[in-house]
Each structure stands twice: as structure tokens, then as C-alpha cells.
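The values are calculated or read from the model by the stated rules, or taken from the named source; none is laboratory data. Everything numeric in this text was worked out from a predicted model, so none of it was measured. Here the Cβ positions follow ideal geometry from the backbone for every residue, glycine too, while neighbour counts run over all protein chains shown. Remember, those area values only see protein heavy atoms, side chains included, never the ligands or the DNA or RNA. Shrake-Rupley method; radii C 1.70, N 1.55, O 1.52, S 1.80 Å.
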Number of protein chains: 2
Amino acid sequence: MDQSATLIETPPGPGSVQDQASTAGTAAPHEHSHVSFQEGLELECGVVLAPMVMAYRTYGRLGPRADNAVLVCHALTGDQYAAETHPVSGKPGWWSRLVGPGLPIDTDRFFVICINVLGGCMGSTGPRSARPDAGGEPWGTEFPPVTIRDMVAAQAKVVSSLGIERLFAVVGGSMGGMQVLSWAATYPERVFAALPIATASFHSAQNIAFNEVSRQAIFADPDWHGGRYWADGLVPARGLAVARMMAHITYLSEEALTRKFGRRVQRDPIAKADAGAPLSLFGEMFEVESYLRHQGSSFVRRFDANSYLTITRAMDYFDIAMDHGGDLSAAFVGTRTRFCIVSFSSDWLFPTPQSRAVARALNKAAANVSFVEIETDKGHDAFLLDEPEFDRTIRGFLSGCAEHAGLATPTTDIPTVP
Amino acid sequence: MDQSATLIETPPGPGSVQDQASTAGTAAPHEHSHVSFQEGLELECGVVLAPMVMAYRTYGRLGPRADNAVLVCHALTGDQYAAETHPVSGKPGWWSRLVGPGLPIDTDRFFVICINVLGGCMGSTGPRSARPDAGGEPWGTEFPPVTIRDMVAAQAKVVSSLGIERLFAVVGGSMGGMQVLSWAATYPERVFAALPIATASFHSAQNIAFNEVSRQAIFADPDWHGGRYWADGLVPARGLAVARMMAHITYLSEEALTRKFGRRVQRDPIAKADAGAPLSLFGEMFEVESYLRHQGSSFVRRFDANSYLTITRAMDYFDIAMDHGGDLSAAFVGTRTRFCIVSFSSDWLFPTPQSRAVARALNKAAANVSFVEIETDKGHDAFLLDEPEFDRTIRGFLSGCAEHAGLATPTTDIPTVP
């Protein structure tokens, strides 16, 4: 079944206006499905961002009681195209493996929503959007700092605009998992089940350090132009590529890199002919280098540098316990949400002890929580890769929760929203 | 006792010429003690590098039988100033903690030699040196690729020039440890004891990947100028700083970063006033960011970008087993060198299993080997930091070997070389 055929046109919510998201910058303009909020949103920093546009995609059909919605939250470099061909890269959606008819997040059963985060660059309001007071000029580095909680508050408005009061589930990995935790802490009554994957309740010093280096790599690029690169039709492609390359290493495990590439070498296509080119020895380069360069260069074609800065900053500031007097369990006291925490044994970016700490805090808050560590050598990226035990965990947890929630079993004949 | 007082002027070796090392580039010119080899060295790539200058420092006195020499090999960003105030940074030598009178590498007993690696930028021939055929023009990116074995061959010439046939010990951490292993494999008769620390017999895919990102960061800097930055009196400071910042994260453990900085914030000195400056949230930055920026900026004042490229490449190509038909133990068959392999439990750049593999190969080769994993949360950098069990290990191993070698016990009255 063609997944794009499961896509429905969502009705504009109350008080929303359908319009074209600003796409200043270098990416090919693309009309993203979205909803606009004229009243905007007051951010944690105090700035009111108005109007606010949120771009999103949906898969499956909303049931008559609007009780089968699953919000999928994307990670740092993800976007709303979770389960269909990406309009810029032409590649399959980042969670096509998991979201679709008959798949663990079953679109025959669930109405799946995926929203580009606030501060992103795929249609939601972000640094690339025109600021209201500047005659069409993009925000750029003047875009106000957003937090994970701001992202979640913006998503909550989209969810409401779709006529959904309570989400059956909120699911996401990495920064998506941060959003899941923030949803459960901020809107406990609106989340029946929460599935935070490969994540933590705060960003560690090491993760902040990696993010800072990636930001410095962007600042070091001459085409950065103090953040106003769009003014000259430029992108800080080299800096952004370096940032992506470094981050990509942290997404994989040492074992995965060794298994995939080891120390295999290949002919260096540019060798020493160009003195400015990578220095090679005996005209060779390692395959892992070639792979990373590809990762870097393909990323810059689809991502905005100012969004990268904004979103990494939001991750760095994420610390749920800090918002609750230093006690993580206090964030979840009295919650009726059912939690399933998933970590991966070889993930060194969000290592298992960080997930276990979340599970422990939820236990202390007397929450309904299960915790699964998946044995894998694929590292942090395992949540995006073929990992059968992970798939079974997601499917099992959602099925069990659906039963508790009294959701209809899958059928091809669920009545649609009137 | 003032450590600098233990420094002796070493006599020029046979056939060597004392001259001023080339210091083209941006670092303040500084006359480094050195020895020149007019005949140069044939590198593994086939290029004959002639003349070749090697800068070095010595501490302690060579005994009458020239049997008490300890070669200390420095790591990627280290240099020959192991145990005295650094002439550029003004900081204590990188191993002042370990090398000195009464210290684990006891200069009352041993004659310690530390040599700037071939390809370096503190006086030894490297990319900053004038190439013989270019009228004083530096080599820059045209500097031939060197290997760890080339570095060791160059050191061997220095050692011979000092009238030393056999080294009592070769000691070093990280890339210094690679040199120790290469010494033992290449010149087994010239090494009585070998102490490779926090190292491996090959550079892993993950380590190659990190090095590649650091190289790309340098290439991304506009002041890189295709490697000819010196021509305009520039240095690719931003790129080199990014490279250093990233590498620095890999030198520490997650625990060490958390202990040192956690998520503490401080006022961002530049905040959002400068649009090109790091994006901060609420005018704050994390202490770990401030620390990394300092690491980056202080590094560029003392290191040459082309040397960074040359030396990281040498590390990437290091693979002793590959030089012996894929069998690491074959590199050490028949060796009489005594080995002590040291790893650190929280080192994720050169993790313990890589050291254990070296110990296993040495066992297979029937070598005399001991292996110690030091429990610490300080990560790879532990070999440079206060770690009492590590100090005891070094002292104990060297003392035991000295006894076996029949070395005189420490005295203030060892007769000097005639």
C-alpha cells in the first residue's frame, strides 16, 4: 500500500489560517502542509512569537472519538516527513520502517501526527521565517531562543487545532524523546501513553560540549556572515558539514563504525592534486572518511544553519528536574500516563544509565513505567535502524496501551471524522 | 630543586651540525635545541627528507655506560618540553608531574630524552620548515606524509647521535604509546623496557573519523588558504580551534566532564550583542563551553595547522599488525624487551580492550609483558593528570627493570660522560 495514499488533508483548526510558510534561504521553496496561529505563542524567554506557523504531516485516520492520535516527535535533524518520501532529499521518511499500515506504529489503527519543531526549517516558524517587523527579512540569529517546552507548547496548539484533546501516545527518540518527557510533564492529562527512546531528562556536559563544537564549526565558516548568510544567497556549508560529521560520529558506536568501515581504504578522488584538499597518504583515504564527507555534504542541502544553532541550544538547556526544584520525580507526581522507556546498550550519547534514571524517577512518582534496554551495537542511531527487538517493544507497548484505552482493534472500516 | 637546573647541554652527535631550526609561520621564533642530519631520512613514502632537523630536550645525566637513557615520546599536541616551562605557553611541561628528580621517571637516575616528532612544529623538520628546493619557502601541505615508523626512525638517529646504542626504556602515552610500540617492533635490540600507555596497535575507525572531522574543520576556515596561510601571515585559527575543541572532548570521560562542569552556567561575555557570536539563551552559557573555547584559542597560539594534519594522518595510518601480515604477535616474535601496558578504565578513545589486545599479542609472542588497567574516571587524559596508581605503576616497572638491567641505584654522584 502506498503510504502517501494514507495521507489525509487535515482541516484547519479553529482560528487558524492556511498560508504559505516562508522559505527564505537556499532550500528549494516547498509548500509544506501547515497551520498558522495568528495569536502566536509566548515563549519561555518572554517573547511572543506571532504569527506562528507549524508545519506537519499526518498518516492514517482520526477515529470518531478522536482517541487514536499518536504524536511522533522528531530529533535534531529530523522533520515532519516521518513516513513518506522526503520532498527535498527524495529519500524515504526517517521512520518509514516503523510508521505505516501494519507497522509497529500502525496507521491502520492510529492517526499519526508529525510536526516540524518550532525553530526548525521545514515550514514551521524558525530562523528562516520572515520576522513580522522587518519587511520580509528573515529572523536569522535574531530568532528568539526556544526551549523543548516551547516546542511542545507549539505542538499542543497544533494537536488542539486538529480537534484532539488527548493524545493516545507521544513517541520519539533522542531530542524527540525529550519532547515526549516534556509532554508528559507539562500536559499529563493529554498523554495516555509516552514512549521516550534513547533520551534523557537533561543534556549532559559531554553532549553540550559536542553541540558547542558544532556551533563553533558553523561560526568558523566564512559564509556564515554573522548569521546573515541568506542575505548573499550563501549557506555556511562547510561549517554545517563539519558540525554534521562530528555529530554523526556520536550517533554511531565504535563497534558499528568498525563493522561498517574498519580500516578499509579507497582511492582518494582528489588526493594531493589540490593543495587545499584533504591530505592523503599514498593517495588513499579511509572509507569512513568518505562516508562522513558524504554525510556532511548531503545534510547541508536540507538543513538551515541558524535552525541548527537554535535547536542544539534548546537541547542543551533541557533539564526537566531543574524546572521542578532539582527533583525529577516531582515532574511526574500523580501522573496517569503509561511510560515505556527504551535505551540502546551501545548508545554513548544518551547512555542507558540516563534512561534508567528517568525510569527510577517515574517509579518514585508511582507512575506506570516499564524500561527496556535493547542489546545492539548500532549506537544512538539504533532507533532509526533495523532492530527487531525494538520494533517488538514499540508494537507491544502500543497494543497493550490501546487495549487499556479501549481503542478499537485495527480494521479497514473505522468511520472517519464527520 | 629547580628542574631546569637538571638540564644539560647535550653534545652534538657525530656528523651533526647545530643550526637554527626554521620557524617560518606565525609562532614567535624560538631557538630550540636540536641536531641536524645532512643526509636526512628516507621516509616510508619514498621521499628523502634532507637535511633533517630534530629538536629535543634532555633531563638528567647520561651514565658512563650510556645505559640509563629513557626516551619519552610525546602525543599529538605535545612536544619536547616534557619537564620544564614551555617556551611558548609559559606553562609547566606536559609531564612535569612524572619526569624530574625523585619523580617516577627519576632524572636523578635516568637520562631522559624527549624529541619533537618529525612533522611537528617545535623545531623538528615539519610542514613549517623551509623546503630545500624552494628558496626558503615552507613545505606547507607539500610536506611528505610521514608515518609513526618514520617518526621513530628519526628519533633513532637522534638517540645514536647522543652516543646511545640501547635505550633503557621508551615511554609514552596516546600517540606516544604508538611510538613506543613501533620502537619495540622496529628496533627490538635497542629497547630494554617499553611502556606504552593509553594506546593501541592501530587507529580505530572511530578515531580516524574524529581526526577526519578535525581536518575538515581546518579546511573550512577561510584563513586556511589551501594550506598556504603562512604566505599572508595568517593562521586558520578558527578551524584549528574547532579541531582542538572536538579532540579535547574525546580526551575526557563523560564522568570527568560532568564532575568538572556539570550543567553549570555562567554569564556569556558576548551574549547576543554580536550577531556573529555564539547564540546564548537568556544571556548565559555553560561553563563547559567556556572551557572548550579557551582550550581551542590557547592551542592555536602554539600549534601549526599543517603539522596537525600531518600528525593526525600518521596516527590514522598506524597499524602494526598490517605491517606483519595481519598478525600483531609476529611484530614481536623473539623480542627480549620487557613490556608494561597501561590503560585507563574510562578512556574511550583508546579503550582498554585495545591495550588488552596488545598484551595478548605480546603473550603469544612469548614476550615479557605485564598489563595494568588503572581505575579512573579521568578518561584518556589520565596519563597527563594526577593519578597515584599510575605513578606507582611507572615507578615500579622502571625500578624493576633497572634492577634487571643492572643499573646503578640513584645517587647524586654518578660520573658524567667523559
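Quick notes
- Qualifying residue in the stretch B:78-93 (condition: of a type in the set (Val, Ile, Thr) and not in a loop (DSSP other than H, G, I, E, B)): no
- Top-ranked residue in the stretch A:43-59 [being over 13 Å from A:Met122 (Cβ atoms) and in contact with a helix residue (DSSP H, G or I) (Cβ under 6 Å, 6 or more places away or on another chain); ranked as surrounded by the fewest Cβ atoms within 10 Å (Cβ to Cβ)]: A:Glu44
- Residue in the stretch B:132-153 that is farthest from B:Met178 (Cα to Cα), counting only those that are in a loop (DSSP other than H, G, I, E, B) and within 12 Å of chain A (Cβ to nearest Cβ): B:Trp139
- For the residues A:Asp232, A:Asp223, the requirement of being surrounded by fewer than 24 Cβ atoms within 10 Å (Cβ to Cβ) and closer than 21 Å to A:Arg293 by Cβ singles out A:Asp223.
- Every residue from the stretch B:254-266 that is more than 7 Å from chain A (Cβ to nearest Cβ) and either of a type outside the set (Lys, Arg) or in a loop (DSSP other than H, G, I, E, B) (or both): B:Glu255, B:Ala256, B:Arg264, B:Val265, B:Gln266
- Any chance B:Leu362 is part of a helix (DSSP H, G or I) and in contact with a Phe, Trp or Tyr (Cβ under 6 Å, 6 or more places away or on another chain): yes
- Qualifying residue in the stretch B:344-359 (condition: crowded, with 19+ Cβ neighbours inside 10 Å and over 23 Å from B:Ala205 (Cβ atoms)): no
- When each of B:Asp79, B:Asp150 is tested for being surrounded by fewer than 24 Cβ atoms within 10 Å (Cβ to Cβ) and within 23 Å of B:Ala184 (Cα to Cα), the lone residue that passes is B:Asp150.
- Scanning the stretch A:304-332 for residues that are open to solvent by less than 10 Å² (accessible area, probe 1.4 Å), in contact with a Phe, Trp or Tyr (Cβ under 8 Å, 6 or more places away or on another chain) and of a type outside the set (A, V, I, L, M, F, W, C) returns A:Asn306, A:Thr310, A:Asp316.
- Among (1) touching a Ser or Thr at 6+ places or on another chain (Cβ under 6 Å); (2) open to solvent by 10 Å² or more (accessible area, probe 1.4 Å); (3) free of Cβ contacts under 8 Å to residues at least 24 places away in the same chain - the single one A:Ala205 does not satisfy: (2)
- Filter pass, A:Val117 being open to solvent by less than 10 Å² (accessible area, probe 1.4 Å), touching a residue at least 40 places away in the same chain (Cβ under 8 Å), under 16 Å from A:Val170 (Cβ atoms) and outside any loop (DSSP other than H, G, I, E, B): no
- Lone qualifier among A:Ala200, A:Ala154 - being touching a helix residue (DSSP H, G or I) at 6+ places or on another chain (Cβ under 9 Å) and closer than 22 Å to A:Thr337 by Cα: A:Ala200
- Just one of the listed residues (A:Asp327, A:Asp323, A:Asp347) is over 25 Å from A:Pro222 (Cα atoms), within 21 Å of the chain's Cα centre (by Cα) and of a type in the set (Asp, Glu), namely A:Asp347.
- Odd one out for B:Ala217, checked against (1) at positive phi; (2) within 14 Å of chain A (Cβ to nearest Cβ): (1)
- B:Arg338 meets each of the listed conditions (1) in contact with an Asp or Glu (Cβ under 9 Å, 6 or more places away or on another chain); (2) over 19 Å from B:Asn207 (Cβ atoms) apart from (1).
- When residues in the stretch A:222-249 are screened for being touching a helix residue (DSSP H, G or I) at 6+ places or on another chain (Cβ under 7 Å), under 17 Å from A:Glu137 (Cα atoms) and in a loop (DSSP other than H, G, I, E, B), 3 of them pass.
- Pairing each residue of the stretch A:172-201 that is assigned to a strand (DSSP E or B) with any residue that is at pLDDT 95 or above and hydroxyl-bearing (Ser, Thr, Tyr), provided the two are 6+ apart or on different chains, yields C-beta distances under 7 Å for A:Gly173/A:Thr199; A:Val191/A:Thr337; A:Phe192/A:Thr337; A:Ala193/A:Thr337; A:Ala194/A:Thr337.
- Pairs where the first residue, in the stretch A:230-253, is at the interface with another protein chain (Cβ under 9 Å from one of its Cβ atoms) and in contact (Cβ under 8 Å) with a residue 60 or more places away in the chain and the second is of a type in the set (Phe, Trp, Tyr) and open to solvent by 30 Å² or more (accessible area, probe 1.4 Å), C-beta under 9 Å, 6+ apart: A:Ser253/A:Trp348
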